[in-house]
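Engineer: I am attaching a structure below and will ask some questions about it afterwards.
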Amino acid sequence: MSKSLNIASSSRSDIENQQYHHHEHHSALLQNGKDPSLPANHPINALSAMRKFFILCTLSYSGFLANFGIAIIQVAFPTLGKAFGVETSMIPNTIGYYLLGFAFGPLFWNPLSKTIGRRPVYLLGSALYIPCVIWMALSPSYACFSVSRLFSGLTSSFSQTVPPATIADIFIKEVRGHKMSMYAVAVVIAPAVAPLFSGIIVAKTNWHVLFWLVLGLAVVQCLLYFFVVPETLWNEDFSTPLQSTDAQPTAPSPEPSESYNKDDSSKPVIRHLEEAHQDPTTMQGHVGPAWMPWQRPMEYLQVCLSPFLMLRYISIVIPSIYYGSLFAWSIGITIVMPQKFENAPYSFATIPLGTAFLAYGLGGILGKWSGGLVGDKTCSYLERKYGHRQPEHRLWALIPILPFMFIGLIIVGIVTSKELHWIGFLIGGGLFFFCLSAATGLLQTYVLEGYMSRSMDTQAVFIFFKSIWGFVIPFFVWDWGADHGFLEEYAAQGALAAGLGAILCAVFIWKGYEIRKWQGMPVSPR
C-alpha cells in the first residue's frame, strides 16, 4: 500500500514538474515575443525582435507623416489665405477636407489589404501619395488646393487603418497595447510637431516649401516600406495538416465561439492568434496574398461591405464615436491657438508660434506611458486576478485620465477667455494632449481586441468617426467660442470628454462582455 502511494506521489510530482517546465518554457517564449501555440513560420514567431522594431518604427512614421501633412499649414493660415485670395478663416477648412479623405479612404484600402496583402497596399498607397503632395505644392487656387487636400487624405488613409492590423499580425497580445501606443503617439504628436517646421518655413521662404518638405518625407516613407516591411498577412491552411501516413484525418479546428459562425456573413480571410486553438504541430499556414479580387468578385464585394457590418456592434461604434469627439477637441485647440496668438495681446511671430505647439507634442509623448504600458499592465494584473483576459480590462486604465481631460480644457478656456499669460494655454493644451494620447492607445486597442479576426474593419470604423469629427470641427470651433464665449466652449467640451468617458467606462466594464456575447461577437470564456 505504501509502495503504491509512493508511486502515485512520484507520478503526480513528475506531472507537476512537467507542467512547471512547460509553463516556464511558454513564459520564456512570450518574453521573447514568440507564441508557442502558433507555427514557426507565423509572423509572430518568424520575425526577429529587431525586425519587428523597425517595422513598428516604419508604421509609426507612416501614421505620423499623414497627420504631419494635415498640420503643416497650421501656422500658415494668413499666408495661404493671401496667396489664394480668400479669407484666413477659410484655410482651416482644408484640414477638414483632408480628414474627409481619411474617413472614406479605408473603404478602398482595407479590402485590398485583406486579400492581396498588407505590403502591396503600403507600396501602392505610399507611391500614390507622392503626386498628391506635388499637387498641393503647385495648387494655383483655393479650390484646387482643397481638392488636392481631399485626395491626399484618400491616398494616405491606408496609414491609419492597415498598420494596426500589421501590429496585430506580428506582436503577441501581452505587448500589443504597448506597441499600439507607440504608433498612436506618432499619430497624436504630428499636429504638434508640424507647426514648428511650418513657422520656420513661412518666416524664411514661401508656402510652397511646406509641401516640398512633405514630399521628401513621403519619398522616405515609400523607401522604408519597400526595404523594411515584409508581408504579414497570415492565411491558415486547414486542408493540409501535417500527419503521419497511418494517422486519422485531422478534423477542422473548432471555432472560438458558436456566435462567431452566426455572426459572419462571409468567411474571414485571416484568423488571428486569439482564435488559434490548433496544435502548432498540425496547424499550418503561409504568409502572402489570400486571393486576388478579380478571381472572386462577389466575395470581394462582401469584403468591401464588411466595414459597414461593423456598425451594428455597440462595443465598436460607441467607443469610436467618443474617441472622435476627443480628437475633434484637440483639433479645435490647434485651430484656435494660432488665430488667438497671432493677434494682440499676444502678437506671436511666426516661428515662436510654431514652437509653442511643441507643448502638445510633449504631452502626447508622456501620454504614451499611460495609454500603452499602464494599459497592458492593467490587463495583465486583472488576468492574473480573475484568471481570464478581456478587452474591457483595458478600460480601467482610462478612468484616472478622465478628470484631467476636463481640467486641461477648463484651463484653455479660462486663459483664452480672460486673455491670461500664454503659458497657461500651453499647459492646459499639453495636459489634454497627454490625455488624448493615452486615450488613443487604450480605446484603439480596445476596439481592435473586441473583434480581432476583423481588426481591419474595426479600425475602419474607428478612423471613420475620428475623421468625420475632424472634418466637421474646423467649420464651427472658432465661431462657437467667438459667439458664445471660449470659457463656455471649452467647459462644454471638458464636461463631454470626462462625463461621456466615465459613462462609457462604467457601462462597458460592467456589461461589455455580455453586450459582445449578445451581439454574436467572438468572446473568450470567463
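Engineer: Considering only the stretch 135-156, I want to know if a residue exists there that is closer than 30 Å to S48 by Cα, assigned to a helix (DSSP H, G or I) and modelled with pLDDT of 95 or more.
Structural biologist: Within the stretch 135-156, the first condition is being closer than 30 Å to S48 by Cα, and the residues that meet it are 156.
With the extra rule that they be assigned to a helix (DSSP H, G or I), the set shrinks to 156.
From the residues that got through so far, the ones that are modelled with pLDDT of 95 or more too are 156.
Yes, the stretch 135-156 contains a residue that is closer than 30 Å to S48 by Cα, assigned to a helix (DSSP H, G or I) and modelled with pLDDT of 95 or more.
Engineer: So, in the stretch 317-362, how many residues would count as being among the polar types (S, T, N, Q) and under 18 Å from the mean Cα position of the chain (by Cα)?
Structural biologist: 3
Engineer: Here's a follow-up. Determine, yes or no, whether F476 is among the aromatic types (F, W, Y) and surrounded by 18 or more Cβ atoms within 10 Å (Cβ to Cβ).
Structural biologist: Numbers: among the aromatic types (F, W, Y): yes; surrounded by 18 or more Cβ atoms within 10 Å (Cβ to Cβ): no.
Taking the combined requirement at face value, the residue does not satisfy it.
Engineer: Would you mind telling me which numbered condition in (1) farther than 22 Å from Q221 by Cβ; (2) modelled with pLDDT of 95 or more; (3) not aliphatic (A, V, I, L, M) T88 fails?
Structural biologist: Every listed condition holds for T88 apart from (2).
Engineer: Hey, another quick one. Just to verify a result, which residue in the stretch 84-95, among those that are in a helix (DSSP H, G or I) and aliphatic (A, V, I, L, M), is farthest from the chain's Cα centre (by Cα)?
Structural biologist: Taking the stretch 84-95 as the starting set, the residues that turn out to be in a helix (DSSP H, G or I) are 84, 88-90, 93-95.
Next, only the ones that are aliphatic (A, V, I, L, M) stay: 90, 95.
Values: M90: 29, I95: 19 Å.
That would be M90.
Engineer: What helices (runs of 4 or more DSSP H) completely inside the stretch 287-366 contain at least 2 residues that are free of Cβ contacts under 8 Å to residues at least 24 places away in the same chain and surrounded by fewer than 22 Cβ atoms within 10 Å (Cβ to Cβ)? Please lay out each step first, then the result.
Structural biologist: Details: elements: 297-309, 314-341, 350-356.
Ranges flagged: 297-309.
Engineer: Checking G288 against (1) at pLDDT 95 or above; (2) under 15 Å from P111 (Cα atoms), which single condition isn't satisfied?
Structural biologist: Single failed check for G288: (1).
Engineer: Something else: Among what's in the stretch 468-519 and is in contact (Cβ under 8 Å) with a residue 40 or more places away in the chain and among the aromatic types (F, W, Y), pick the residue that is farthest from N67 (Cα to Cα).
Structural biologist: Result: Y513.
Engineer: Please find, within the stretch 51-83, the residue that is farthest from the chain's Cα centre (by Cα) out of those that are assigned to a helix (DSSP H, G or I) and among the small types (G, A, S). It would help to see each step written out before you state the result.
Structural biologist: The first filter runs over the stretch 51-83 and keeps only residues assigned to a helix (DSSP H, G or I), leaving 51-71, 77-83.
Subset that is among the small types (G, A, S): 60, 62-63, 66, 69, 71, 81, 83.
On the way: S60: 10, S62: 12, G63: 9, A66: 13, G69: 17, A71: 18, G81: 32, A83: 35 Å.
Taking the candidates together, the pick is A83.
Each row is one residue, and each column tells you yes or no for (1) crowded, with 24+ Cβ neighbours inside 10 Å; (2) within 14 Å of the chain's Cα centre (by Cα); (3) outside any helix (DSSP H, G or I).
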| position | (1), (2), (3) |
| --- | --- |
| L373 | no, no, no |
| F406 | no, no, no |
| S417 | no, no, no |
| F425 | yes, no, no |
| T445 | yes, yes, no |
| S453 | no, no, no |
| T458 | yes, yes, no |
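Engineer: Scan the stretch 174-196 and give yes if some residue there is surrounded by fewer than 19 Cβ atoms within 10 Å (Cβ to Cβ) and under 21 Å from the mean Cα position of the chain (by Cα), otherwise no. So that I can check it myself, show each step before the final result.
Structural biologist: Here is the first cut: in the stretch 174-196, the ones surrounded by fewer than 19 Cβ atoms within 10 Å (Cβ to Cβ) are 174-175.
Remaining after also requiring under 21 Å from the mean Cα position of the chain (by Cα): 174-175.
The answer is yes; a qualifying residue exists.
Engineer: Go through (1) under 16 Å from G96 (Cα atoms); (2) among the small types (G, A, S); (3) surrounded by fewer than 21 Cβ atoms within 10 Å (Cβ to Cβ) one by one and return the number of the condition A482 breaks.
Structural biologist: Here A482 clears every test but (1).
Engineer: Take the residues in the stretch 497-512 that are in contact with a Ser or Thr (Cβ under 9 Å, 6 or more places away or on another chain) and buried (at least 18 other Cβ atoms within 10 Å of the Cβ), then tell me which one is nearest to C435 (Cα to Cα). Full working, then the answer.
Structural biologist: Residues of the stretch 497-512 in contact with a Ser or Thr (Cβ under 9 Å, 6 or more places away or on another chain): 497, 500, 508, 512.
So of that shortlist, the ones also buried (at least 18 other Cβ atoms within 10 Å of the Cβ) come out as 497, 508, 512.
Numbers: A497: 10, F508: 20, G512: 23 Å.
That would be A497.
Engineer: Out of (1) surrounded by fewer than 24 Cβ atoms within 10 Å (Cβ to Cβ); (2) over 19 Å from the mean Cα position of the chain (by Cα); (3) closer than 19 Å to L223 by Cα; (4) of a type outside the set (V, I, T), the odd one out for Y129 is which?
Structural biologist: Looking at each condition in turn, Y129 falls short on (1).
The values are calculated or read from the model by the stated rules, or taken from the named source; none is laboratory data. Source: prediction; values computed, not measured. When we count neighbours, we look across all protein chains shown, and the Cβ atoms used for this are built from the backbone with ideal geometry, even at glycine.
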